[in-house]
Amino acid sequence: MLDRFNREIYYLRISITDRCNLRCYYCMPEQGVKLLRHDQILSYEQIINIVKKATKLGIKKIRFTGGEPLVRKGISYLVKEIKRIDEIDELTLTTNGVLLEDMAFELKNAGLDRINISLDTLDHEKYKKMTRIGDIRRVFRGIDAVIKAGFKGTKLNMVLMPEINDDEVEDMKEFCVKKGLVLQRINHYSLNSLTSINRLYEAERPLPCSFCNRIRLTANGNFKPCLFSDLEIPVDFNNISESIKKAVINKPANGTHCFKRQNWQIGG
Ligand code: SAM
Ligand code: SF4
């Protein structure tokens, strides 16, 4: 699908839950958040239905995100079903890695193609501070499980924070080389303004708006044409294709701001 600015939109990021087992200080408030009820989030059948329609319109790549996608029960079933759809070229997942130790094999067997693991530091104490409740050893074990399960092209997502972890890039690169991972540096931003993106560092993400190839789907069934915009198109289950087309046609040339939602509700 081409949008109004001639960008080919073939990538759909799906937030399958707003729940998370960490509280990264740049993403979620410490005291937790008001969560959606189970009956407010899209069922797996609804997600499968939406993806089937989306592939008919040119979507070829799907990423599951969250909150933390691995806290939603039965995700391997969803992986299997999405992989059965012929037009899907790549099915990926972004996770904080905490639950990968137990789930990597199952996800590989279900057909997941690739995984991005978020890890901003290699330091145990710093990790605990940044995530407020995390135990880095679980992520390390998760990374090893992913390697053992045979995943290729695994990326490590590192959000660069001034005076917190910006001195760790070289160590992180070394760690990635040792483990056969690809480092993906992310410049920190606030959704409240596109201009808040910290451009101090060389980083792979966020992509410039002119390179944007994606739309997003929130856990409660709204398409978001742009991360930095409040515009949302609720999925009309009587005409899913029309909702998808609306999302693509309404993609702005550039983002501005998003006040309605936070990262943990959209999945980055
Ligand atoms: N819970 C999963 C995880 O952490 O990988 C998936 C959702 S998380 C919102 C997706 C990605 O967004 C993570 O790599 C996270 O580090 C990144 N992220 C969250 N808040 C961010 C912010 N304010 N600026 C830049 N990246 C951010
Ligand atoms: Fe959870 Fe991911 Fe946000 Fe951290 S970045 S709080 S792991 S959703």
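The values are calculated or read from the model by the stated rules, or taken from the named source; none is laboratory data. Not measured: the values here are computed from a predicted model. As a convention, Cβ positions derive from the backbone with ideal geometry for all residues, glycine included, and neighbour counts pool all protein chains shown.
Name the residues in region 226-268 that are in contact with a Ser or Thr (Cβ under 7 Å, 6 or more places away or on another chain), in a loop (DSSP other than H, G, I, E, B) and more than 16 Å from ligand 2 (Cβ to nearest atom), would you?
The answer is 228, 229, 235, 236, 252, 255, 256, 257.
Could you please tell me which pairs satisfy a Cβ distance under 9 Å, a separation of 6+ or placement on different chains, a first residue in region 31-49 that is closer than 20 Å to residue 242 by Cβ, and a second residue that is in a helix (DSSP H, G or I) and of a type in the set (Asp, Glu)?
Close Cβ pairs satisfying both conditions: 45/81; 47/81; 48/81.
Restricting to region 174-189, give me the number of residues that are crowded, with 16+ Cβ neighbours inside 10 Å and over 17 Å from the mean Cα position of the chain (by Cα).
3
Being within 16 Å of ligand 2 (Cβ to nearest atom) and either surrounded by 22 or more Cβ atoms within 10 Å (Cβ to Cβ) or in a helix (DSSP H, G or I) (or both) is the filter here, so list the residues in region 64-93 that pass it.
64, 65, 66, 67, 68, 69, 70, 71, 75, 93
Does residue 61 fit the bill of being more than 16 Å from ligand 2 (Cβ to nearest atom), of a type outside the set (Val, Ile, Thr), free of Cβ contacts under 8 Å to residues at least 60 places away in the same chain and within 21 Å of residue 157 (Cα to Cα)?
Here the answer is yes, as residue 61 does meet what is asked.
Condition first: assigned to a helix (DSSP H, G or I) and either of a type in the set (Phe, Trp, Tyr) or closer than 19 Å to residue 184 by Cβ (or both). Now tell me which residues in region 108-124 satisfy that.
none
Here's the yes/no breakdown for (1) under 18 Å from the mean Cα position of the chain (by Cα); (2) within 12 Å of ligand 2 (Cβ to nearest atom); (3) modelled with pLDDT under 95; (4) closer than 15 Å to residue 68 by Cα:
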| residue | (1), (2), (3), (4) |
| --- | --- |
| 122 | no, no, no, no |
| 130 | no, yes, no, no |
| 133 | no, yes, no, yes |
| 136 | no, no, no, no |
| 139 | yes, yes, no, yes |
| 153 | yes, no, no, no |
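Exactly one of these conditions fails for residue 115: (1) closer than 30 Å to residue 1 by Cβ; (2) surrounded by fewer than 20 Cβ atoms within 10 Å (Cβ to Cβ); (3) in contact with a strand residue (DSSP E or B) (Cβ under 7 Å, 6 or more places away or on another chain). Give me its number.
(2)
So which residues in region 125-143 are in contact with a helix residue (DSSP H, G or I) (Cβ under 8 Å, 6 or more places away or on another chain), assigned to a helix (DSSP H, G or I) and not small (Gly, Ala, Ser), if there are any at all?
Across region 125-143, the qualifying residues are 127, 128, 136, 137, 138, 139, 141, 143.
Would you confirm, using the coordinates I've provided, whether residue 173 is farther than 21 Å from residue 3 by Cβ and assigned to a helix (DSSP H, G or I)?
yes
Answer yes or no: is there a residue in region 133-140 that is farther than 26 Å from residue 83 by Cα, touching a Leu at 6+ places or on another chain (Cβ under 8 Å), touching a residue at least 12 places away in the same chain (Cβ under 8 Å) and loosely packed, with under 13 Cβ neighbours inside 10 Å.
yes
Go through region 170-188 and give me each residue that's in contact (Cβ under 8 Å) with a residue 24 or more places away in the chain and at negative phi.
Matches in region 170-188: 171, 172, 175, 179, 181, 182, 183, 184, 185, 186, 187, 188.
So residue 243 passes all but one of these: (1) touching a residue at least 24 places away in the same chain (Cβ under 8 Å); (2) hydroxyl-bearing (Ser, Thr, Tyr); (3) over 24 Å from residue 28 (Cβ atoms). Which condition number does it fail?
(1) is the only condition that residue 243 fails.
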